[in-house]
Ligand code: GLU
């Protein structure tokens, strides 16, 4: 079935968005522009404990500076508004209920103490990574293990509960990743993830799948750290009977430290005196590449190369050339090494391409600031 191509960038507002986030947004954007689709900005803020005020504006402004434009989203509206999950809160419950009715989810009343006791018990029995799964669920306080009367009584009483997915035992979950090819998991390795929390909010897993379905998303392009969640999402599509409209997945490779030993972290930016962020954010002590004199066209050029390559010797690309050259087939599976010197080189090359006039225009605000400062000192 040929559907209109719709992609989304779906960050959680938990802090300043760094290189990795912008790369995800950029690849979504390049693909959409190449094939003529729509790009949506959705804010995934169901975990209110991790919410950082200002993070949403930071994402919007960083993308704007980099020239990553959206067709629908939290800041511009659109046919699927609202695009902020906390504002969509009321629509998720009925989907959790639907899974309960179909026998694919259940109520779980376990207190934090009971969960802790279960974990300790299993570790004592030699299980280093205890999980709430198809085995453990039989011994816990939930609607699979308890009698119907007991469950009704607890609900009537107002006992707090969560809703968990009932992950089947020993089923193969297989999906095709646009970068990794076929990926297979066995459902017995997966836990019964919480879909709906006792505070009335869905978890990321439920909200993500339901929104991708409702917003008619055709391709999910996101970081490798979400690969372990993908089989739960694929299973959720199946449980709802939405397999025929399940999006294609592309899990992007990690961005590695310059030495290649592990994932790039904020501290690495400090170490190399090279900000890993787009814009300054004073209150969060974040300095950005824009304020350091980076050109947005150099920024997207070097970020595009963190995982993707055109398959030729060409390195300097304009935005339009990136759009034309981009494809998922040319994204590597293994981690992409971040090289601050190379990033500076990209900026140099793009500066060289500018006319004297264009450079003078770019310099003007800096010079004005300096003159003001000098005047203030002299007087
Ligand atoms: N909300 C997730 C994040 O913060 C996005 C995961 C996804 O794109 O499915 O990165």
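The values are calculated or read from the model by the stated rules, or taken from the named source; none is laboratory data. Quantities reported herein were computed from a predicted structural model and do not represent experimental measurements. Ideal geometry is used to build each Cβ from the backbone, glycine not excepted, and the neighbour counts take in all protein chains shown.
Given the criteria in contact (Cβ under 8 Å) with a residue 40 or more places away in the chain and surrounded by fewer than 21 Cβ atoms within 10 Å (Cβ to Cβ), does residue 249 qualify?
Values: in contact (Cβ under 8 Å) with a residue 40 or more places away in the chain: yes; surrounded by fewer than 21 Cβ atoms within 10 Å (Cβ to Cβ): no.
Against the criterion (in contact (Cβ under 8 Å) with a residue 40 or more places away in the chain and surrounded by fewer than 21 Cβ atoms within 10 Å (Cβ to Cβ)), residue 249 does not qualify.
The conditions are (1) within 14 Å of the ligand (Cβ to nearest atom); (2) under 30 Å from residue 145 (Cβ atoms); (3) touching a strand residue (DSSP E or B) at 6+ places or on another chain (Cβ under 7 Å), and residue 56 fails exactly one of them. Which is it?
Of everything listed in (1) within 14 Å of the ligand (Cβ to nearest atom); (2) under 30 Å from residue 145 (Cβ atoms); (3) touching a strand residue (DSSP E or B) at 6+ places or on another chain (Cβ under 7 Å), residue 56 misses just condition (2).
Under the condition of being surrounded by fewer than 18 Cβ atoms within 10 Å (Cβ to Cβ), more than 12 Å from the ligand (Cβ to nearest atom) and not in a loop (DSSP other than H, G, I, E, B), which residue from region 25-52 is modelled with the lowest pLDDT?
Selected residue: 48.
For (1) surrounded by 17 or more Cβ atoms within 10 Å (Cβ to Cβ); (2) under 15 Å from residue 142 (Cα atoms); (3) away from the ligand (no atom under 14 Å from the Cβ), each residue gets a yes or a no:
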residue: 179; (1), (2), (3): yes, no, yes
residue: 184; (1), (2), (3): no, no, yes
residue: 198; (1), (2), (3): no, yes, yes
residue: 206; (1), (2), (3): yes, no, no
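Within the bounds of region 93-107, is there any residue that is out of contact with any helix residue (DSSP H, G or I) (no Cβ under 7 Å at 6 or more places or on another chain), part of a strand (DSSP E or B) and away from the ligand (no atom under 16 Å from the Cβ)?
No, because not a single residue in region 93-107 is out of contact with any helix residue (DSSP H, G or I) (no Cβ under 7 Å at 6 or more places or on another chain), part of a strand (DSSP E or B) and away from the ligand (no atom under 16 Å from the Cβ).
Residue check, residue 272 against (1) under 24 Å from residue 69 (Cβ atoms); (2) in contact with a helix residue (DSSP H, G or I) (Cβ under 6 Å, 6 or more places away or on another chain), all met but one. Which one?
Looking at each condition in turn, residue 272 falls short on (1).
How many residues does region 125-144 hold that are in a loop (DSSP other than H, G, I, E, B), free of Cβ contacts under 8 Å to residues at least 60 places away in the same chain and touching a helix residue (DSSP H, G or I) at 6+ places or on another chain (Cβ under 8 Å)? Steps first, answer last, please.
Step one: list which residues in region 125-144 are in a loop (DSSP other than H, G, I, E, B), which gives 125-135, 140-141, 143-144.
From what's left, free of Cβ contacts under 8 Å to residues at least 60 places away in the same chain: 125-130, 133-135, 140-141, 143-144.
Next cut, touching a helix residue (DSSP H, G or I) at 6+ places or on another chain (Cβ under 8 Å) only: 130, 133-134, 140-141, 143-144.
Residues in region 125-144 being in a loop (DSSP other than H, G, I, E, B), free of Cβ contacts under 8 Å to residues at least 60 places away in the same chain and touching a helix residue (DSSP H, G or I) at 6+ places or on another chain (Cβ under 8 Å): 7 in total.
Residue by residue, here is whether (1) more than 19 Å from residue 251 (Cβ to Cβ); (2) within 15 Å of the chain's Cα centre (by Cα) holds:
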{"site": "2", "(1), (2)": "yes, no"}
{"site": "11", "(1), (2)": "no, yes"}
{"site": "50", "(1), (2)": "yes, yes"}
{"site": "56", "(1), (2)": "yes, yes"}
{"site": "59", "(1), (2)": "yes, yes"}
{"site": "66", "(1), (2)": "yes, no"}
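Check region 200-208 and report whether any residue there is over 29 Å from residue 81 (Cα atoms), at pLDDT 95 or above and touching a strand residue (DSSP E or B) at 6+ places or on another chain (Cβ under 9 Å).
Taking region 200-208 first, the residues over 29 Å from residue 81 (Cα atoms) are none.
Within region 200-208, not a single residue is over 29 Å from residue 81 (Cα atoms), at pLDDT 95 or above and touching a strand residue (DSSP E or B) at 6+ places or on another chain (Cβ under 9 Å).
State whether the residues of region 64-85 include one that is assigned to a helix (DSSP H, G or I), out of contact with any strand residue (DSSP E or B) (no Cβ under 6 Å at 6 or more places or on another chain), within 16 Å of the ligand (Cβ to nearest atom) and farther than 20 Å from residue 304 by Cα.
Taking region 64-85 as the starting set, the residues that turn out to be assigned to a helix (DSSP H, G or I) are 64-66, 85.
Those still in the list that are out of contact with any strand residue (DSSP E or B) (no Cβ under 6 Å at 6 or more places or on another chain) too: 64-66, 85.
Adding the requirement that they be within 16 Å of the ligand (Cβ to nearest atom) leaves 85.
Next, only the ones that are farther than 20 Å from residue 304 by Cα stay: 85.
The answer is yes, given that some residue of region 64-85 is assigned to a helix (DSSP H, G or I), out of contact with any strand residue (DSSP E or B) (no Cβ under 6 Å at 6 or more places or on another chain), within 16 Å of the ligand (Cβ to nearest atom) and farther than 20 Å from residue 304 by Cα.
Determine whether region 255-278 contains at least one residue that is closer than 30 Å to residue 167 by Cα, outside any loop (DSSP other than H, G, I, E, B), within 14 Å of the ligand (Cβ to nearest atom) and modelled with pLDDT of 95 or more. Write out each step before concluding.
Initially, region 255-278 is screened for residues closer than 30 Å to residue 167 by Cα, giving none.
Checked region 255-278: no residue is closer than 30 Å to residue 167 by Cα, outside any loop (DSSP other than H, G, I, E, B), within 14 Å of the ligand (Cβ to nearest atom) and modelled with pLDDT of 95 or more.
Name every residue in region 4-24 that is near the ligand (Cβ under 10 Å from one of its atoms) and part of a loop (DSSP other than H, G, I, E, B), in order of residue number.
Within region 4-24, 10, 11, 12, 13, 14, 17 meet the criteria.
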